[in-house]
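Asks: Have a look at the structure that comes next, please.
The values are calculated or read from the model by the stated rules, or taken from the named source; none is laboratory data. All values derive from a computational prediction rather than experimental measurement. Neighbour counts run over all protein chains shown; Cβ positions are idealised from the backbone, glycine included. To get the accessible areas, we keep the full protein, side chains included, count just its heavy atoms, and leave off ligands, DNA and RNA. Shrake-Rupley method; radii C 1.70, N 1.55, O 1.52, S 1.80 Å.
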Amino acid sequence: MSKSNFVFVLDADLKPLTPCTPGVARSLLKSGKASVYRQYPFTITLKKKVDETPESVTIKLDPGSKTTGIALLQGSKVVFGAELTHRGQTIKASLESRRSLRRGRRSRHTRYRKARFLNRVRPTGWLAPSLQHRVETTMTWVNKFIRLAPVNSIVQELVKFDLQKMENPEISGIEYQQGELVGYEVREYLLNKWDRKCAYCAVENVPLQIEHIQPKAKGGSNRLSNLCLACEKCNLKKGTQDIEQFLVKKPDLLKKIKAQAKRPLKDAAAVNSTRWALKERLKETGLSVSTGSGGLTKFNRTRLGLAKTHWLDAACVGTVEMLEILTDRSLKITATGHGTRQMCRTDKFGFPCRYVPRNKFVKGFQTGDIVKAVVTSGKKIGTYVGRVTVRSTGSFNISTANGLIQGIGYKNCVSVHKKDGYNYGF
Ligand SMILES: [Zn+2]
């Protein structure tokens with residue numbers, strides 16, 4: 001039986017209470033003791049005030065470049081999972097388009113204008129807009145969850161591997177890779193150091209094995225400076241050969257690998273500025289913020305035998321004894337932005353083809369709202385739920401899970417969730 005995410009519960013004063021199971025929420029709604037507060041994430045409000053102290057909730061975050069995993073836990077019970085997809089690439093593309101338009105304008109024959117580029121100073125801690133957006137959207141959702149659930153702490157994955165855990169590289173190393181935490185930290189470190197590629201043939205996206213540069217059989221040590229990553233093919237081919245012998249025909253590569261291997265530990269500790277910026281912002285919420293490493297997350301996930309998804313990864317962040325997964329569907333949240341300010345759309349040649357109405361609202365709806373349309377007569381009889389695209393005529397298009405339905409009258413539509421810059425799915 002599939003289990004859905006828990007439902008958020010607010011009391012009559014909108015005070016967050018302990019999230020409940022979908023079944024409990026259903027019976028509360030049915031008996032009229034509660035009403036729907038919002039659809040995504042599904043939240044209900046009770047019709048009375050509640051004085052009891054609710055069970056506190058922990059938010060766990062696994063920030064990624066494209067997707068951030070979010071998990072909400074009550075103790076060791078995972079009650080809510082979400083995956084937030086960012087739109088960094090879209091932001092980059094639209095800034096580039098703006099840049100090229102301005103550049104074109106500058107080289108046109110116009111009156112003299114003073115050069116105004118290079119007159120700006122970037123404040124400390126500045127992030128590129130596409131990266132800043134990741135911090136902002138993640139904070140939006142953290143704050144949203146704080147309003148909907150009795151959150152008292154936040155755990156975030158901060159670094160890929162923990163330098164402290166590898167402080168003594170002489171004793172750690174390959175011997176620890178089976179089932180020990182240090183092995184996972186070492187692996188993450190090596191993946192980072194060797195760019196997730198085979199050191200010998202640079203192949204990517206294949207399982208990589210930990211390799212001794214000077215083979216153990218010939219006295220090679222377990223120190224991190226003697227370890228690299230190799231694909232299975234290269235590993236077998238190299239066998240117990242010396243690296244000099246193995247790469248005798250590729251002196252350049254040999255030199256490169258040797259230099260790379262000697263790179264000190266600190267150099268490889270790539271600082272992820274976005275994650276650090278997020279940490280600072282999380283602290284501003286006033287809740288207790290703790291962090292974990294990627295190696296620890298992977299160690300926890302493997303030990304608990306969980307699938308590799310963003311939200312389960314998030315649940316595994318930090319120190320975890322055991323987890324009880326009470327949901328197996330995560331809410332998929334996609335950042336869509338709030339549309340464009342362009343008042344004149346152009347065709348592919350850059351000529352104006354249509355104007356955009358000044359007012360975004362048509363009969364109380366705007367593009368991006370999620371609506372439910374019940375059509376009882378005509379060709380399009382049926383019930384449709386999906387994102388609406390408004391037309392000034394009042395005849396809307398709805399994109400449902402089964403495709404686009406065109407020409408639905410506004411009178412048939414009821415708003416389910418107002419546009420908030422995100423798309424939702426399961
Ligand atoms: Zn290889």
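Asks: Run the dipole for the chain about the Cα centre, Lys and Arg Cβ at +1, Asp and Glu Cβ at -1, nothing else charged, and hand back the magnitude in debye, nearest 20.
Replies: Values: 75 positive and 34 negative charges, 646 e Å.
Here the size comes out at about 3100 debye.
Asks: What is the spread of the Cα atoms of the range 344-420 along each of their three principal axes, largest first, in whole Å?
Replies: Extents along the principal axes, in whole Å: 41, 24, 22.
Asks: When the chain is modelled as a GNM with alpha-carbon springs shorter than 10 Å, which of Glu52, Glu180, Glu284 fluctuates the most?
Replies: So, out of Glu52, Glu180, Glu284, the one fluctuating most is Glu52.
Asks: Another question about this same structure. Using a ≥ b ≥ c from the Cα gyration tensor of the chain (square roots of the eigenvalues), is it rounded, prolate or oblate, where a/c under 1.5 gives rounded and otherwise the larger of a/b and b/c decides, a/b for prolate?
Replies: Details: a/c = 2.22, a/b = 1.41, b/c = 1.57.
It is oblate, given that a/c is not under 1.5 and a/b is not larger than b/c.
Asks: Among Ala199, Ala25, Ala315, which one shows the highest mean-square fluctuation when the chain is modelled as a Gaussian network with alpha-carbon springs under 10 Å?
Replies: Of Ala199, Ala25, Ala315, the most mobile in the Gaussian network model is Ala199.
Asks: Which whole-Hz ³J(HN,Hα) couplings does the range 202-209 yield from phi under the Karplus relation 6.51 cos²θ - 1.76 cosθ + 1.60, θ = phi - 60°, glycine and proline marked x?
Replies: Running phi through 6.51 cos²θ - 1.76 cosθ + 1.60 with θ = phi - 60° gives 6, 6, 10, 6, 10, x, 10, 10 Hz.
Asks: Between rounded, prolate and oblate, where does the range 7-46 land on the alpha carbon gyration tensor, with a ≥ b ≥ c its root eigenvalues, rounded for a/c under 1.5, else prolate if a/b exceeds b/c?
Replies: Details: a/c = 1.42, a/b = 1.18, b/c = 1.20.
In terms of gyration-tensor shape, rounded.
Asks: Once the piece of chain linking Leu404 and Thr367 is laid out straight, how much longer is it, given 0.36 nm per residue of separation minus the C-alpha distance between them? Don't skip to the end; give the middle numbers.
Replies: On the way: separation 37, 0.36 × 37 = 13.32 nm, distance 1.39 nm.
Result for the pair: 11.9 nm of gain on full extension.
Asks: Right, next: Using only Cα atoms, find the angle between the long axis of helix 273-283 and the longest principal axis of the chain, and express it within 0 to 90 degrees, rounded to the nearest 10.
Replies: Approximately 60 degrees, to the nearest ten.
Asks: Per residue, how big is the convex hull around the C-alpha atoms of the range 1-77? Give it to me in cubic angstrom, could you? It would help to have the intermediate numbers written out before the result.
Replies: Working: hull volume 9.3 nm³, N = 77.
For the range 1-77, the hull spanned by Cα atoms encloses 121 Å³ per residue.
Asks: Rounded to a whole number, what % of the accessible area of the chain do carbon and sulfur atoms account for, probe 1.4 Å? Could the numbers behind the result be given before it?
Replies: On the way: 13090 of 24900 Å².
It is 53 percent, rounded to a whole number.
Asks: Another question about this same structure. If we sort 127-139, 414-426 on the protection proxy, mean other Cβ atoms within 10 Å, highest first, what's the order?
Replies: 127-139, 414-426
Asks: Another question about this same structure. Which of Gln366, Ser100, Ser225 sits farthest toward the positive end of the charge dipole of the chain, with +1 on the Cβ of Lys and Arg and -1 on the Cβ of Asp and Glu?
Replies: Towards the positive end, the residue furthest out is Ser100.
Asks: A follow-up question, please. Say we join alpha carbon atoms closer than 10 Å with springs in a Gaussian network model of the chain; which of Thr110, Thr367, Thr240 then has the biggest fluctuation?
Replies: Looking only at Thr110, Thr367, Thr240, the largest GNM fluctuation is found for Thr110.
Asks: Take every DSSP beta bridge with both residues inside the chain and express the antiparallel ones as a percent of the total, to the nearest 5. Mind dumping the intermediate values first?
Replies: Numbers: 52 of 72 bridges.
Close to 70 percent.
Asks: Something else about it: I'd like the Karplus ³J(HN,Hα) series for the range 400-408: coefficients 6.51, -1.76, 1.60, θ = phi - 60°, whole numbers in Hz, and an x wherever there's a Gly or Pro.
Replies: 9, 5, 9, x, 7, 10, 9, x, 9
Asks: Amide H of Leu227: which non-local residues (sequence gap of 5 or more, or other chain) have their own amide H closer than 5 Å, using H built in the peptide plane?
Replies: Placed amide hydrogens put Ile213 under 5 Å from Leu227.
Asks: Positive end of the dipole of the range 266-359, charges at C-beta (+1 Lys, Arg; -1 Asp, Glu), about the Cα centre: which of Val320, Ser273, Ser290 has its Cα farthest in that direction?
Replies: Ser273
Asks: Per residue of the range 139-146, what does 6.51 cos²θ - 1.76 cosθ + 1.60 with θ = phi - 60° give for ³J(HN,Hα)? Whole Hz please, x for Gly and Pro, Karplus curve as stated.
Replies: My calculation for the range 139-146 gives 5, 3, 6, 4, 5, 4, 5, 5 Hz in order.
Asks: What is the helix-to-structure angle for 294-304, meaning the angle in degrees between its Cα long axis and the longest Cα principal axis of the chain, kept from 0 to 90 and rounded to the nearest 10?
Replies: 80
Asks: For Thr18, which sequence-distant residues (separation of 5 or more, or a different chain) have an amide H within less than 5 Å of its own amide H, given hydrogens modelled in the peptide plane?
Replies: Those lying under 5 Å, H to H, from Thr18 are Glu55.
Asks: Follow-up. Taking a probe of 1.4 Å, how large is the accessible area per residue of the chain, in Å²? Walk me through the intermediate numbers first.
Replies: Numbers: 24900 Å² over 426 residues.
Ligands and nucleic acids excluded, the result is 58 Å² per residue.
Asks: Mark the label point 7 Å from the Cα of Val414 along Cα→Cβ and return the residues of the range 32-56 whose backbone N is within less than 18 Å of it.
Replies: Of the residues in the range 32-56, 32-40, 42-45 have backbone N under 18 Å from the label point off Val414.
Asks: Right, another one. Multiply the residue separation of Arg111 and Asn359 by 0.36 nm, subtract the distance between their alpha-carbon atoms, and state the gained length in nm to one decimal. Write out the running numbers ahead of the final one.
Replies: Details: separation 248, 0.36 × 248 = 89.28 nm, distance 3.46 nm.
Gain on extension, Arg111 to Asn359, equals 85.8 nm.
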